[in-house]
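Please read the structure below before turning to the comments.
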Amino acid sequence: MRTELLAPAGDLDRLKTAVIYGADAVYFGGKQFSLRARASNFSLDDIKEAVEFAHSYGKRVYVTVNIIPHNSDFNGLEEYLRKLEEFNVDAIICASQAICDLCKRVAPKLEVHISTQQTTLNSYAMAYWTSKKVDRIVLGREVTYEELQEIMQIAEIPVEVFIHGGMCANFSGRCTISNVLTNRDANRGGCAQSCRWNYHLYHGDDLLDKDEYLFSLGSKDMSTPDYIERLLKVNVASLKIEGRMKTAYYIASILKGYRLLIDSYYENGKVSEEDLKKADYYLSLAANRDTFNGFYPGVPDEKGQLYNFITTASQSFIANVRSYDAETSEAIIEVRNHFEVNDELVIMNPNGDDVRFTVKEMFDEKNEPVEVANKPMQLLRIKVPVAVNEYTFIHK
Amino acid sequence: MFDLFVYIRNVENLVHCNDPVVTGIILADRYFSSSNAGLENEEIRKAVEMIHGLGKKALLKVDRLYSQKELDLVRQYLLFLADCKVDGIIYTDLGINMMMEELNIGYKGIYAPETLLTDYYDINTLKNDGVDGCVISKDIPLKDVYEIINEVPDYCYLRIHGPILIAYSRRKYITSYLEKSGDYSEDYWLVEESRDNRLPLIEKENGSWLYDATLQSFNEIKKLNDTALKGALIDNVYLSDEYTLKTLKLYEGVLNGSITAEEAINELKEFDETVRYADINELKETWLDKEKA
């Protein structure tokens, strides 16, 4: 069985983008019972539509029910799980024994995937969940590749691993720094990412701060194109991308990068240097923080830490396509970042290679010529060299 | 009335725990536990014998998360503890539960994942799954703790005193920051740049542990003692056995009515002025967004 590429979605639009850009499955949270409180999250109607859309493309849908629950969090949960089953959701991702058992009892058609919040790092911890008849385990991100190889030789149920995105610095689900410093519950969707803040380090009364930057627990993001071939070789069930709060452009470009690596492996039996170069290009488009290979090469040293934490918004994303006229080869685009006439832009379509072109002229809604596009969300008309559609992204 | 367990770091201090209020002593080695000061194997064997000689139970902290590569070592250690005739272990990794079952180990296991046991549905499920006991997580308000104790009587344990663990990582944070290996297990602290509170940070060969204030329950101990709480733990990580023994005496005093909770707190503050406390009553409901928080 081929390994699945699993993408996040913060809302319905992003789910559609993920499906169109090659995700084999998409995961998201509902309005309740899910981490990532600040992601838009899906209403029940959205979930129904999401499943119908994804299934029409033969893709699977997983709903996160991954809070570490408090006593009162179980109110309405049984009904919610039944609804997910009724909507033909394929699986829930949960981090609670009780939610796992409840789901098996009241919504048995739903698969149960155990979240990385449970920090499953070894085959004995997996055996516990196997005894509960769960359908998949998402391993902790702290598992090295060498350890994963050993685990996969004895795994009795499908295993999912992370390949890309933000990382908890501490074991996921075991950190309450946010609770203590901000009163926002890290394990119920309120994490303030306090691990990324700056701290002074003392030994006794001696201050050990460096001149260049303060101490931080924060982690660099994970990005693992170099490990895809190896992960596919050990037959993990699913390769997961983190980032339910990320933009559609981010999801599209990241998926494009990993999709081509996975497809190349299955077509050619290996990932070539040329494939990696292409993938790196796509993965770099939306990058906004330094990245590393996570724990796959081994427990990280300072090269896995993020000091002087600054998220720089990527400026490469220029515009969405709203519509396309095949007769005139013109597209109506929605401006997201600054560009000018005579700039070289790039069209990223869901399929095929990117296409470069130079903007010769552009017009606003009143058909007035525009020299500089610098009004976010402004609609402009431009000529494009290839067919585009609503899922096309234009970048620099 | 709960069983009372107290963590002691050094074998020579065990003789001071011969108090009727103490049910058992918690010990730790350095490698398999979260503790930064640990006993060698032969010290553990001797300590268990001494504890049994006092008529008390001996519990061992086996409270790390273990990698696949460490499983053989963990298995050997669990068998060694069986050979020492320990009465139970406190563990964090669910895999330990399965390994104990496979080895038919003969002592009890108390599951203490620190954060994951925040409701009685999960704790009841673990009980039904055959887990011997659970330590209720510390990141929930006290009213939830009482609800859990009521719903799962004579099963739950609660850490009533000791540093509150707020983060655990496989990374070596101090080594990474200083770009230099070393022993960073004693007396290291963090202070967030816009706050004042000191957060003790312990780094060992196999990870890092970050703590907040020291939890204390003097105001609540009598009430807790009247519930169906199975066990209360006086834990410690980096403070001395003298501090722990003083703490134990003060809880005993509050329980038998010889001193008030306020007197106990004041006396402990005088004993060591550097320790910052959080009253178990102050554990608040946490929220998901800035507005409510």
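The values are calculated or read from the model by the stated rules, or taken from the named source; none is laboratory data. None of the values given here were measured: they were computed from a predicted structure. Cβ: placed from backbone, ideal geometry, glycine included. Neighbour counts: every protein chain shown. The protein model used for the area step is the full one, side chains on, heavy atoms only, and it has no ligands, DNA or RNA in it. Shrake-Rupley method; radii C 1.70, N 1.55, O 1.52, S 1.80 Å.
Does A:Cys191 satisfy the condition of being more than 8 Å from every other protein chain (Cβ to nearest Cβ), touching a residue at least 60 places away in the same chain (Cβ under 8 Å) and assigned to a loop (DSSP other than H, G, I, E, B)?
On the way: more than 8 Å from every other protein chain (Cβ to nearest Cβ): yes; touching a residue at least 60 places away in the same chain (Cβ under 8 Å): yes; assigned to a loop (DSSP other than H, G, I, E, B): yes.
The answer is yes for A:Cys191.
The conditions are (1) open to solvent by less than 80 Å² (accessible area, probe 1.4 Å); (2) assigned to a loop (DSSP other than H, G, I, E, B); (3) of a type in the set (S, T, N, Q), and A:Asn320 fails exactly one of them. Which is it?
(2)
Could you grab me the full set of residues in the stretch B:213-223 that are in contact (Cβ under 8 Å) with a residue 12 or more places away in the chain and either basic (Lys, Arg) or crowded, with 19+ Cβ neighbours inside 10 Å (or both)? Please lay out each step first, then the result.
Filtering the stretch B:213-223 down to residues in contact (Cβ under 8 Å) with a residue 12 or more places away in the chain leaves B:213-222.
Answer for the stretch B:213-223, where residues must be in contact (Cβ under 8 Å) with a residue 12 or more places away in the chain and either basic (Lys, Arg) or crowded, with 19+ Cβ neighbours inside 10 Å (or both): B:Ala213, B:Thr214, B:Leu215, B:Gln216, B:Ser217, B:Phe218, B:Glu220, B:Ile221, B:Lys222.
For the stretch A:358-376, which residues satisfy the criterion of being open to solvent by 100 Å² or more (accessible area, probe 1.4 Å) and touching a residue at least 40 places away in the same chain (Cβ under 8 Å)?
A:Lys375
Hey, A:Leu181 hits all of (1) of a type outside the set (S, T, N, Q); (2) facing chain B (nearest Cβ under 7 Å); (3) part of a loop (DSSP other than H, G, I, E, B); (4) touching a strand residue (DSSP E or B) at 6+ places or on another chain (Cβ under 8 Å) but one; which does it fall short on?
Unmet condition: (3).
How many residues are touching a Gly at 6+ places or on another chain (Cβ under 8 Å) and either crowded, with 24+ Cβ neighbours inside 10 Å or away from every other protein chain (no Cβ under 11 Å) (or both) when one looks only at the stretch A:142-162?
1
Looking at the stretch A:196-211, which of the residues that are at the interface with chain B (Cβ under 7 Å from one of its Cβ atoms) and open to solvent by less than 20 Å² (accessible area, probe 1.4 Å) is farthest from A:Ala169 (Cα to Cα)?
A:Gly204
Read through the list (1) open to solvent by less than 10 Å² (accessible area, probe 1.4 Å); (2) aliphatic (A, V, I, L, M); (3) in contact (Cβ under 8 Å) with a residue 24 or more places away in the chain; (4) within 30 Å of B:Tyr184 (Cα to Cα), then give the number of the only condition that A:Leu214 fails.
Failed condition: (1).
Taking the condition over 30 Å from A:Thr144 (Cβ atoms), among the charged types (D, E, K, R) and in contact (Cβ under 8 Å) with a residue 40 or more places away in the chain, does B:Lys57 pass? Full working, then the answer.
Values: over 30 Å from A:Thr144 (Cβ atoms): yes; among the charged types (D, E, K, R): yes; in contact (Cβ under 8 Å) with a residue 40 or more places away in the chain: yes.
The answer is yes for B:Lys57.
Would you tally the residues in the stretch B:84-122 being within 8 Å of another protein chain (Cβ to nearest Cβ) and within 22 Å of B:Asp139 (Cα to Cα)?
Number of matching residues: 11.
Confirm whether A:Lys256 is at pLDDT 95 or above, more than 26 Å from B:Pro200 (Cα to Cα), open to solvent by less than 20 Å² (accessible area, probe 1.4 Å) and assigned by TED's automatic domain parsing to the domain that holds A:Thr144. If you could, list the steps in order and put the result at the bottom.
Values: at pLDDT 95 or above: yes; more than 26 Å from B:Pro200 (Cα to Cα): yes; open to solvent by less than 20 Å² (accessible area, probe 1.4 Å): yes; assigned by TED's automatic domain parsing to the domain that holds A:Thr144: yes.
Taking the combined requirement at face value, the residue satisfies it.
Can you report the number of residues in the stretch A:217-247 which are on the phi < 0 side of the Ramachandran plot and either open to solvent by 10 Å² or more (accessible area, probe 1.4 Å) or not hydrophobic (A, V, I, L, M, F, W, C) (or both)?
Quick first cut of the stretch A:217-247, residues on the phi < 0 side of the Ramachandran plot only: A:217-234, A:236-242, A:244-247.
Those left that are additionally either open to solvent by 10 Å² or more (accessible area, probe 1.4 Å) or not hydrophobic (A, V, I, L, M, F, W, C) (or both): A:218-221, A:223-227, A:229-230, A:233-234, A:237-238, A:240, A:242, A:244-247.
Of the residues in the stretch A:217-247, 21 are on the phi < 0 side of the Ramachandran plot and either open to solvent by 10 Å² or more (accessible area, probe 1.4 Å) or not hydrophobic (A, V, I, L, M, F, W, C) (or both).
Of all residues in the stretch A:62-83, which are more than 14 Å from chain B (Cβ to nearest Cβ) and without any contact (Cβ under 8 Å) to a residue 40 or more places away in the chain?
A:Val63, A:Glu79, A:Arg82, A:Lys83
Is it true that A:Glu334 is more than 28 Å from the chain's Cα centre (by Cα) and not hydrophobic (A, V, I, L, M, F, W, C)?
Values: more than 28 Å from the chain's Cα centre (by Cα): no; not hydrophobic (A, V, I, L, M, F, W, C): yes.
Taking the combined requirement at face value, the residue does not satisfy it.
Which helices (runs of 4 or more DSSP H) does the stretch A:1-117 wholly contain that include 2 or more residues that are among the acidic types (Asp, Glu)?
Helices (runs of 4 or more DSSP H) meeting the threshold: A:44-56, A:77-86.
Suppose we filter A:Leu345, A:Leu306 for residues that are away from chain B (no Cβ under 14 Å) and surrounded by 13 or more Cβ atoms within 10 Å (Cβ to Cβ); which single one remains? Outline the logic, then answer.
Details: A:Leu306 fails: away from chain B (no Cβ under 14 Å).
When all the criteria are applied, what remains is A:Leu345.
Does B:Lys127 meet the test of being open to solvent by 50 Å² or more (accessible area, probe 1.4 Å) and either touching a residue at least 40 places away in the same chain (Cβ under 8 Å) or more than 9 Å from chain A (Cβ to nearest Cβ) (or both)?
Values: open to solvent by 50 Å² or more (accessible area, probe 1.4 Å): yes; either touching a residue at least 40 places away in the same chain (Cβ under 8 Å) or more than 9 Å from chain A (Cβ to nearest Cβ) (or both): yes.
So B:Lys127 fits the description; yes.
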